[in-house]
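J.: Have a look at this one.
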Amino acid sequence: MMTKRKLREGAGLTALNLFFIALCFLTLIPILYALSVSFNGSNSLLSSDFSFIPKNFTLKNYREVLFGENITVWFRNTIFLAIVTVFLSLLVAVPAAYCFSRRRFPGRKAILRCLVLLNSFPAILSMFAIYRLLRPMGLVNTRLGLILVYTGTMAVFSLWNTKGYFDTIPTEIEEAARIDGATDTQIVLKIVMPLAKPSIVTTALQVLIYVWNEYIYATTFLTGESKYTLAAGLNALQATEMTGSWPVFAAAAITVSLPVLVIFFLCQKYMTSGLTAGGVKG
Amino acid sequence: MEKKKRREWIRSYVWSAPSLLLIGLMVVFPILYTFYISLTNMNVYHWFDFTLVGLDNYIRALFVFDSGFLSALLATILWTAVSMALQLVIAFVLANLLNIQKLRLRKLYKTILMFPWAMPGYVGILLWKTGMFNTQFGLLNQWLERLGFAAVRWLSSDVSAFLCCTVVNLWLALPFMIMIMDGALQSIDRSYYESATLDGAGAFARAKYITIPAMRPIIAPAVIITVFTTFKQFDVVYLLTQQAGAKTGSGFHTILTYAYENAFITNNYGYSSAISMIIFALLLLFSAKFQLREDA
């Protein structure tokens with residue numbers, strides 16, 4: 001009796017494991033295919049004897065990605081944009097978030113409510129208006145223009161996310177510091193910032209990933225491939241000359257994804273809490 | 001005391017000013033400007049000498065069925081409903097399976113299933129486009145051909161493009177939903193199930209009377225966020241079918257790709273802005289409704 005039940009349980013568990021192995025494989029197919037293509041030397045894409053293990057293993061495509069002229073330029077552009085945008089975002093968001101979390105002043109509630117509403121506006125919808133506003137100022141097709149767009153788009157999120165975390169930090173320590181004669185700036189820099197490190201890191205990472213992944217503003221506002229970011233460049237790579245460069249594109253796609261994957265899995269806990277806490281709750 | 005309070009106020013305003021100014025300039029002002037453009041006949045021919053045309057653009061969008069906005073809106077509603085229904089059901093089943101107690105490799109499976117979410121979204125979409133759906137070297141057609149069928153142009157007709165977009169969207173969105181549901185499941189007290197089993201409740205009854213009611217409040221915010229992101233989906237549809245220079249011939253639009261096309265492909269700036277404002281109004285209405293429900 002007992003063994004029979006155990007047997008059945010074992011069979012069920014095996015079936016379950018097989019199901020999940022199949023599901024994981026199914027999920028990874030597009031990625032595995034790209035991996036295989038990116039390492040594949042012979043141009044056997046059109047032949048029908050495809051396999052997930054490349055037959056003529058090569059690093060040629062990755063060499064082209066890492067040392068090819070275009071992609072290194074795009075990489076440098078992206079890093080520059082990302083660093084400046086993250087820095088500016090935090091610079092404006094942290095003091096504002098501190099005030100909205102700790103102080104009470106007329107208009108505070110109204111502004112917070114407006115920010116929630118603004119959050120539901122997709123940035124793509126005002127892209128044309130922004131384009132038209134930036135063009136006379138000569139900011140279209142410049143890095144400064146994109147930095148303004150990116151910091152502006154992420155400003156609501158940055159403010160909201162850091163404010164939300166500040167709210168959870170008890171105020172007693174700050175009050176004690178104030179009694180000891182610390183100024184506001186000292187309190188923010190020496191007490192609140194260190195305590196709020198997780199939220200500041202998440203905010204910075206989210207902004208970083210946003211800039212890293214943003215392609216639509218970049219392709220619309222920038223002309224000339226030398227100014228492109230990685231996302232814009234990759235997008236152009238597959239849209240225009242796809243057939244010829246699919247192996248290179250696959251290698252570039254894998255390379256671009258790697259840092260994001262690493263960040264995601266290292267900071268999974270933070271990322272997900274930020275997503276759920278910062279969202280809808282007023 | 002009054003004076004001190006006022007000084008504090010001023011300091012708060014000064015500290016918040018850079019952030020609020022940035023939001024004002026880059027978010028609020030463009031929205032207002034979009035509204036202004038929506039009242040004009042601005043397009044490529046009227047770049048400078050546009051005139052105010054009142055609500056014409058709104059009337060064209062809302063009352064002229066041929067304009068395409070209403071059908072895009074209907075398609076978007078259908079798209080959201082189908083995606084959400086599939087996501088909720090599949091994620092519920094998978095999360096429950098992942099929580100079967102004797103499953104040892106649960107952590108490994110979860111990590112692998114998170115991959116589509118962890119990658120840059122546009123990369124995932126483009127990999128599907130070239131790796132899976134491409135007519136020549138896409139895997140789907142390679143497999144079909146090996147089985148002796150003719151190649152299919154996956155993205156070229158409305159219905160099949162809709163289905164392909166739905167599949168890719170599921171691929172992208174399921175990890176988040178599974179994670180949320182998994183977290184919710186783990187917060188349910190095991191003892192409920194034990195006593196229910198003792199009372200003779202089957203798996204279906206346990207799901208209906210314990211699991212679902214207990215999960216609902218926990219997953220509600222995440223589900224609402226997902227409804228919004230699905231409704232506002234742009235990347236999947238744009239990158240798979242509408243990309244400038246690589247249009248596949250499918251006419252499936254979400255309202256966002258429709259607004260984009262009218263602004264940057266056919267250059268009807270006034271009309272596209274009117275659509276943007278309508279979408280904004282719809283989103284505001286939804287979010288106001290959900291907020292009210294949450295407060296209550």
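The values are calculated or read from the model by the stated rules, or taken from the named source; none is laboratory data. Computed from a prediction, not measured in an experiment: that's the story for all the values here. Positions of Cβ are generated from backbone atoms using ideal geometry, with glycine treated the same way; all protein chains shown enter the neighbour counts.
J.: Quick one: which of B:203, B:196 is within 14 Å of chain A (Cβ to nearest Cβ) and more than 25 Å from residue B:80 (Cα to Cα)?
T.: Going through B:203, B:196 in turn, just one is within 14 Å of chain A (Cβ to nearest Cβ) and more than 25 Å from residue B:80 (Cα to Cα): B:203.
J.: In the list B:102, B:129, which residue meets the criterion of being among the charged types (D, E, K, R) and part of a loop (DSSP other than H, G, I, E, B)? So that I can check it myself, show each step before the final result.
T.: Values: B:129 fails: part of a loop (DSSP other than H, G, I, E, B).
Result: B:102 is the single residue among B:102, B:129 that is among the charged types (D, E, K, R) and part of a loop (DSSP other than H, G, I, E, B).
J.: Filter the stretch B:74-96 down to the residues that are closer than 19 Å to residue B:181 by Cα, in contact (Cβ under 8 Å) with a residue 60 or more places away in the chain and not β-branched (Val, Ile, Thr) and list them by number.
T.: B:83, B:84, B:86, B:87, B:88, B:91, B:92, B:94, B:95, B:96
J.: Being within 11 Å of another protein chain (Cβ to nearest Cβ) and at pLDDT 80 or above is the filter here, so list the residues in the stretch B:244-257 that pass it.
T.: Matches in the stretch B:244-257: B:254, B:255, B:256, B:257.
J.: Exactly one of these conditions fails for residue A:140: (1) in contact (Cβ under 8 Å) with a residue 24 or more places away in the chain; (2) over 27 Å from the mean Cα position of the chain (by Cα). Give me its number.
T.: Of the numbered conditions (1) in contact (Cβ under 8 Å) with a residue 24 or more places away in the chain; (2) over 27 Å from the mean Cα position of the chain (by Cα), the odd one out for residue A:140 is (2).
J.: Now a separate question. Looking at the stretch A:128-144 only, could you name the residues that are crowded, with 21+ Cβ neighbours inside 10 Å and more than 7 Å from chain B (Cβ to nearest Cβ)? It would help to see each step written out before you state the result.
T.: Here is the first cut: in the stretch A:128-144, the ones crowded, with 21+ Cβ neighbours inside 10 Å are A:128-130, A:134.
A:134 - this is the single residue of the stretch A:128-144 that is crowded, with 21+ Cβ neighbours inside 10 Å and more than 7 Å from chain B (Cβ to nearest Cβ).
J.: Next question. Can you work out which of the residues in the stretch B:143-170 that are of a type outside the set (Phe, Trp, Tyr) and buried (at least 21 other Cβ atoms within 10 Å of the Cβ) is nearest to the chain's Cα centre (by Cα)?
T.: The selected residue is B:169.
J.: Could you say which residue among B:17, B:85, B:81, B:61 is among the hydrophobic types (A, V, I, L, M, F, W, C) and crowded, with 20+ Cβ neighbours inside 10 Å?
T.: Every option except B:61 fails the conditions.
J.: Also, I was wondering about something else. Filter the stretch B:36-67 down to residues that are aromatic (Phe, Trp, Tyr) and closer than 18 Å to residue B:276 by Cα and give me whichever is modelled with the lowest pLDDT.
T.: Among residues in the stretch B:36-67 that are aromatic (Phe, Trp, Tyr) and closer than 18 Å to residue B:276 by Cα, the one modelled with the lowest pLDDT is B:65.
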